[in-house]
1. Over all alpha-carbon pairs of region 50-119, lay out the pair-distance distribution in 10 Å bins, whole %, shortest bin first.
2. List the aspartates and glutamates whose Cα sits under 16 Å from the Cα of Lys99, skipping any in the same chain fewer than 8 residues away.
3. Can you tell me the Rg and the Dmax, both Å, for the Cα atoms in the chain?
4. Percent relative contact order of region 29-119, based on C-alpha pairs within less than 8 angstrom and at least six residues apart?
5. With a 1.4 Å probe and every protein chain kept in, tell me what percent of the accessible surface of the chain is carbon plus sulfur.
6. Which pairs in the list Lys7/Lys50; Lys7/Lys76; Lys24/Lys76; Lys19/Lys51 are over 21 Å apart, alpha-carbon to alpha-carbon?
7. Mind checking the dipole of region 1-92: about its Cα centre, +1 per Lys or Arg Cβ, -1 per Asp or Glu Cβ, Debye to the nearest 20?
8. Given q = 0.21, 0.27, 0.33 Å⁻¹, what are the Debye log10 I(q)/I(0) values for region 23-65, with equal point scatterers placed on the Cα positions and solvent ignored?
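The values are calculated or read from the model by the stated rules, or taken from the named source; none is laboratory data. Every value quoted in this text rests on a predicted model; they were computed, and no experiment measured them. Cβ: placed from backbone, ideal geometry, glycine included. Neighbour counts: every protein chain shown. Side chains are part of the model used for accessible areas, which takes the heavy atoms of the whole protein and leaves out ligands, DNA and RNA. Shrake-Rupley method; radii C 1.70, N 1.55, O 1.52, S 1.80 Å.
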Amino acid sequence: MQKLTNKEEEIMKILWQLKKAFVKEIMAEIKDDQPHYNTLSTIVRNLEDKKYVSHEAFGNTHRYYPLITKEDYRKKYINSTLADYYDNSYKSMVSFFAKEDKISVAELKEIINLIEKSK
């Protein structure tokens with residue numbers, strides 16, 4: 001599974017939300033920095049080449065749909081980020097967010113409760 005560019009991830013998020021969409025429907029969901037139609041079409045075809053999406057043909061038009069779930073993508077790249085930046089340590093990752101004030105004490109307690117309940 002190849003890493004996606006930021007724009008490809010944005011398109012995948014839209015496809016995960018819409019489930020199936022034509023390029024014009026994807027275009028309608030892009031709020032900021034909207035690419036030209038042909039550029040967006042190329043990005044979607046690149047996602048198909050990378051095996052993230054497939055399509056149904058309706059004459060000359062294609063309706064695209066995801067081949068990978070958002071959850072599968074998240075698992076793959078969270079694990080990759082964990083390995084690349086936090087030495088495979090969840091403790092290091094959570095510590096980073098705590099030091100950056102990106103996670104509250106209440107959220108940490110909630111995480112601890114979830115861990116304790118899962119055992």
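1. Over region 50-119, the share of Cα pairs per 10 Å bin runs 16, 28, 27, 16, 11, 2 percent.
2. Glu107
3. When restricted to the Cα atoms of the chain, Rg and Dmax are 18.4, 55 Å.
4. RCO, region 29-119: 11 percent.
5. For the chain, the apolar C and S fraction of the accessible surface comes to 50 percent.
6. On the way: Lys7/Lys50 14 Å; Lys7/Lys76 18 Å; Lys24/Lys76 29 Å; Lys19/Lys51 16 Å.
In this structure, Lys24/Lys76 lie more than 21 Å apart at Cα.
7. That gives a dipole near 220 debye.
8. So the normalised log intensities are -0.70, -1.05, -1.23.
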